[in-house]
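Some notes on the structure that comes next.
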Amino acid sequence: MYRPSDTAVTQILPFSTDPALRRRFLLHDEPLKANVRFGLLLEVLDKLAEDTALAYVRRSIPEARVVTAAIDHIRVRCEADISRDVVLLAQVNYVGRTSLEVGVRIEQPGDPPSHIASCYVTMVAQTADGQQVGSTPLPGLVFEDDLERQRESKAIKRRNAYRRSRETAQQQPTRDEYALLARLHTTGAAWFLRIDGWLTNHQRLGKNIPGA
């Protein structure tokens, strides 16, 4: 069995020495703070999480593949400097029955390093049986120090919170919630009729409408 540290993967975006790569990630061709296409950076992050998860899964199930189930808790801490290299650090924090969480940290070198952002990506392992594709059970990790156990505990809390939020979103509204929605609908309709009537009256009288 493997420890989380055994799954660690590092990727470097060499902005300081690769002008073409730097231009690709620029939002504007001007020296501005946070001048980085963060959406493109998230694509790189998602691919790194996929590769990290796939490397772990294929150690025991060579034919498996992984798919992204959720990208959760993207936390941006400070702006990135497009003139400096960006380092992405990924590792598996937690393994459930068929899914696993990959934590990704984005840094820029320095003393101390600048912590740009962090996020957590949940991947699901799958295998194919003929035409059928389904989730596949995974071997667990071994946690040997307090930091690894702390990351596992936080991953489980995020997983449980995500499940609760999904269950809440799928619940039918209560009687009180229906009543509130009905009042909001009625109030909104009444305001619309009043505004529509006011506009029609002003147009009929040939008055100017403020802001028009």
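The values are calculated or read from the model by the stated rules, or taken from the named source; none is laboratory data. Remember, it's a predicted structure, so these values are computed and weren't measured experimentally. Glycine also receives a Cβ, built like all others from the backbone with ideal geometry; neighbour counts cover every protein chain displayed.
Name the one entry in D81, D129 that is among the acidic types (D, E) and exposed (fewer than 11 other Cβ atoms within 10 Å of the Cβ).
That would be D129, the only listed residue that is among the acidic types (D, E) and exposed (fewer than 11 other Cβ atoms within 10 Å of the Cβ).
Name the residue, out of R97, R37, that is under 20 Å from G134 (Cα atoms) and not aliphatic (A, V, I, L, M).
The conditions single out R97.
Does the range 85-94 include one or more residues that are in contact (Cβ under 8 Å) with a residue 24 or more places away in the chain, among the aromatic types (F, W, Y) and farther than 30 Å from P139 by Cα?
There is no residue in the range 85-94 that is in contact (Cβ under 8 Å) with a residue 24 or more places away in the chain, among the aromatic types (F, W, Y) and farther than 30 Å from P139 by Cα.
Do you know which of the residues in the range 136-171 that are among the hydrophobic types (A, V, I, L, M, F, W, C) and farther than 20 Å from V104 by Cα is surrounded by the most Cβ atoms within 10 Å (Cβ to Cβ)?
L138
For the range 78-130, give me the residue count where each residue is in a loop (DSSP other than H, G, I, E, B) and of a type in the set (V, I, T).
Here the count works out to 2.
Within the range 107-141, work out how many residues are at pLDDT 90 or above and either under 19 Å from R159 (Cβ atoms) or charged (D, E, K, R) (or both).
17
Within the range 62-72, take every residue that is part of a strand (DSSP E or B) and surrounded by fewer than 18 Cβ atoms within 10 Å (Cβ to Cβ) and give me the one that is modelled with the lowest pLDDT.
Going through the qualifying residues, I end up with D72.
Are any residues in the range 5-61 touching a residue at least 60 places away in the same chain (Cβ under 8 Å), among the acidic types (D, E) and not in a helix (DSSP H, G or I), and if so, which ones?
none
What are the residues in the range 28-53 that are among the aliphatic types (A, V, I, L, M), more than 15 Å from I116 (Cβ to Cβ) and surrounded by fewer than 18 Cβ atoms within 10 Å (Cβ to Cβ), if any?
L32
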